[in-house]
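Report on one structure; see the data block that follows.
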Amino acid sequence: RLLSLFQFPFGRRLPCDIYWHGVSFHDNDIFSGQVNKFPGMTEMVRKITLSRAVRTMQDLFPLEYNFYPRSWILPEELPLFVAEVRMMKDSDPSWKPTFIVKPDGGCQGDGIYLIKDPSDIRLTGSIQSRPAVVQEYICKPLLVDKLKFDIRLYVLLKSLEPLEIYIAKDGLSRFCTEPYQEPTLKNLHQVFMHLTNYSLNIHSGNFIHSENVNTGSKRTFSSILCRLSSRGADVKKLWSDIISLVIKTIIALTPELKVYYQSDIPAGKPGPTCFQILGFDILLMKNLKPMLLEVNANPSMRIEHEQELSPGVFENVPSPVDEEVKVAVIRDTLRLVDPQKKKRKDIQQHSESCKNKVNVVHDYFMCYRCQTLERVSEANEELLDAGAAGRLESDAARSPEAALPSLCLKQVFPKYAKQFNYLRLVDRVAALFIRFLGVKGTTKLGPTGFRTFIRNCRLSNSNFSMAAVDILYIDITRRWNSMGIDHRESGMCLQAFVEAFFFLAQKKYKSLQLHEQVASLIDFCEYHLAALDEKRLVCGRG
Ligand code: ADP
């Protein structure tokens, strides 16, 4: 419906309503419209960054964030990994864990291997120089037809501020091709038994291309839910656990995403808004608890697969399962971000808020803002051909949604915001961090910015001198920068600031739990900054 698609393989030449980038956000000269990628998302969902972001939340809310396997970052946390595993084994000799080592930034199972003991980590060869995450292996996954499988769910992050999240009602289930056995030294290397990646299992002689949505090596998630429901499983509870996992994961990602966002799209300057389709990979445990494996910033939207017709001869053939799930996700994303719909909504909202103040005649409002809206709308219609513009009017009149299937993307945030808002503490810490960044376009805080933060929030006193503040800044910043995360800029990154903030909170509010200490310090800082703003306003007026 009224969608003109243009491909710009050599760079863009026309301003667009929606920019559909192939890989990541980067394009410095977009000043309006919507881009289908958030700045920094690719970096944020790498295995190490995701693990760090989730760990910060696990420190604050250990019970709420127990859906992510215990993880250590290699090489820097190797000694910690060895020590913690030894301690846990000593306290429970019956514990016989397995671990999975996953190279950072890897995908499609690339470089992944299982180990039984920390000493089995391969410290020689090319893997050694690659940072990785080592994670507790989930030994008891739910099996269907004796096979391990994972779930790929599509999630639309429609907006970061305010936070808006949608989840697709259906997803994909990707199956292993060898019957599952709990890991033993003998079967650790059998990737077709332990790894559910489609890209690996497609090479197994046992791979079955699905003819329909509930058989074969790739099925719809709804077909699995039907099976579970017929076995008496509580699928409503399962869905609500999955929704909760998705919202909590995104809450863990938003603080850093906001830092990237303000750096690429500074507030107050013309720029686009962003949205993004994310692929969540989830494993169900035997007891139906969903566990997060990873988040994909660039999930494949292919709806065909390669089939070997005769040895060495391949052909692309349609994949009904992919088509069933993915077409709906793209269609509904476009419906939700439809710029015409947004304008209609803006006009409607404004007409409602104006009703008492002005006379509303059809869609024409006698006020400055609405005239502006009208002009924007007219400008956009010039991009459409005359016939299309005509159809738009008549479509709008009979509700353009009417002819389409119901939305497969369901809003979960802000719908369930009340249940989850208490978790958004690091978002508020990030807001403080961004306030003191000073120079637009940066993602790191300099020593002066940190000092100003301490001074404006009244955090320095006789027990905590400005000299101690400088030492804290240098210590934490140096450690984070030595981890080799991002050397493009010098200064304190958000995670380092969060660590300093937690330290200050623990120092100031001794006998509380960490999340209460942090919440109290945030309140304290926000109170002093609001008072300062008020004072500046009064002085300004004066
Ligand atoms: P990649 O990006 O390379 O696909 P993943 O983190 O998705 O890496 O891991 C690949 C596969 O390994 C997953 O699809 C899953 O089958 C299996 N896997 C990953 N982590 C775990 C884990 N902690 N426990 C059990 N299986 C896992």
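For the reader, a short list of remarks on this structure follows.
- Residues whose amide H comes within less than 5 Å of that of L74, counting only those at least five positions distant or on another chain, are A132, V133, V134 (H built at 1.01 Å from N in the peptide plane).
- For M492, M466, the sequence from fewest to most other C-beta atoms within 10 Å is M466, M492.
- Taken over the stretch 70-137, the ratio of Cα radius of gyration to 2.2 N^0.38 Å equals 1.09.
- Working from Cα pairs under 8 Å separated by at least six residues, relative contact order for the stretch 423-537 is 29 percent.
- Taking a Cβ cut-off of under 13 Å around A328, the surrounding Lys, Arg, Asp and Glu residues balance to a net charge of 0, with basic ones at +1 and acidic ones at -1.
- Footprinting exposure proxy for I476, I208 (fewest neighbouring C-beta atoms within 10 Å first): I208, I476
- The stretch 405-417 - phi-based ³J(HN,Hα) in whole Hz, Karplus 6.51/-1.76/1.60, Gly and Pro as x: x, 5, 4, 8, 8, 10, 6, 10, 9, x, 3, 9, 4
- Pair L537, D59: separation of 7 Å Cα→Cβ label points (nm): 3.4
- Global form of the stretch 423-537, assessed from the alpha-carbon gyration tensor, a/c cut-off 1.5: rounded
- Of S490, S159, the sequence from fewest to most neighbouring Cβ atoms within 10 angstrom is S490, S159.
- The HN-Hα couplings worked out from phi for the stretch 164-171 by the Karplus form 6.51 cos²θ - 1.76 cosθ + 1.60 (θ = phi - 60°) are 9, 10, 10, 10, 6, 5, 10, x Hz, whole numbers, x standing for Gly and Pro.
- Sorted peptide list for 260-268, 162-170, 85-93, criterion being average Cβ within 10 angstrom, highest first: 162-170, 260-268, 85-93
- ³J(HN,Hα) computed for each position of the stretch 306-322 - Karplus, 6.51 cos²θ - 1.76 cosθ + 1.60, integer Hz, glycine/proline x: 7, 10, 8, 6, 9, x, x, 10, 10, 9, 7, 10, x, 10, x, 5, 4
Throughout, read-outs are computed from the coordinates displayed, never taken from laboratory work. Worth saying up front: this structure is predicted, and the values here are computed from it rather than measured. FYI the Cβ positions are ideal-geometry reconstructions off the backbone, even for glycines, and counts take in every protein chain you see.
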